[in-house]
Amino acid sequence: MSRVDPIKRENLDPEMQAIMNAGDEIMGFTSNDALIMAYKPDLLKAMLGLVQSVYQPGTIPLDLKKLVAVMTSSAAGCQYCEAHTQYGAIKEGIAAEKLAAIWEYATSPLFDDAERAALDVARAAAFTPNETTDQQFSELKRFYSSEQIVEIVGVIAMFGFLNRWNSTMSTDLEQTPKAAVKASGL
């Protein structure tokens, strides 16, 4: 049970309703973490801006961003964000088999070397304290430009915040991602 009750949507002012609508377009449902953040409208606005910036088209394919998000949340141990990122990956068309093998990325034939380098950094960065190494970044630089690395780390950092937020708040998982993840067998 969430440690702070989400605000009921009908109690939000028109500006916050519009923000929730934008979130619904991104996620496909109203997220409880956004309804909790709505107690501090500037925080919610900033988070929506960050999400839009991180997931806007860039030089990194969206499916890789989704895999990095899954790994970051899984390694951080945030079950809420892990379900959300798995749901987003499923919506993006990433096979459930690949998502199920996320922790075998280093040896699974489902992942290529470029994905392995990104997932290795995502896994290490999700731990506290951060376990990323210069060697991991050297490997990352074999496949990605500086701009692309910034995009990858942007995904990791955004989920660093969301993982910490939702684990601390013990945010209740919504039915949409819960059902989608369950139906995929994850």
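The values are calculated or read from the model by the stated rules, or taken from the named source; none is laboratory data. Keep in mind that this is a model prediction, so the values were computed, not measured. FYI the Cβ positions are ideal-geometry reconstructions off the backbone, even for glycines, and counts take in every protein chain you see.
At-a-glance table
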| read-out | value |
| --- | --- |
| Residue within the stretch 48-67 that is aliphatic (A, V, I, L, M) and more than 23 Å from residue 144 (Cα to Cα) present | yes |
| Residue selected from the stretch 75-109 under the condition hydroxyl-bearing (Ser, Thr, Tyr) and in contact (Cβ under 8 Å) with a residue 40 or more places away in the chain, by the criterion surrounded by the most Cβ atoms within 10 Å (Cβ to Cβ) | 85 |
| Candidate set: the stretch 138-168, residues that are in a helix (DSSP H, G or I) and polar (S, T, N, Q); chosen: the one farthest from residue 2 (Cα to Cα) | 138 |
| Within the stretch 169-186, tally of residues that are at positive phi and either at pLDDT below 95 or part of a helix (DSSP H, G or I) (or both) | 1 |
| All positions within the stretch 85-123 that are within 18 Å of residue 137 (Cβ to Cβ) and β-branched (Val, Ile, Thr) | 121 |
| Qualifying residue in the stretch 59-70 (condition: touching a residue at least 40 places away in the same chain (Cβ under 8 Å), closer than 22 Å to residue 127 by Cβ, surrounded by 24 or more Cβ atoms within 10 Å (Cβ to Cβ) and among the small types (Gly, Ala, Ser)) | yes |
| The stretch 110-149: number of residues that are among the β-branched types (Val, Ile, Thr) and either surrounded by fewer than 15 Cβ atoms within 10 Å (Cβ to Cβ) or at pLDDT below 95 (or both) | 2 |
| Residue in the stretch 43-53 that is among the hydroxyl-bearing types (Ser, Thr, Tyr), surrounded by fewer than 15 Cβ atoms within 10 Å (Cβ to Cβ) and over 25 Å from residue 126 (Cβ atoms) present | no |
| Among the candidates 33, 24, residue that is in a helix (DSSP H, G or I) and at pLDDT 95 or above | 33 |
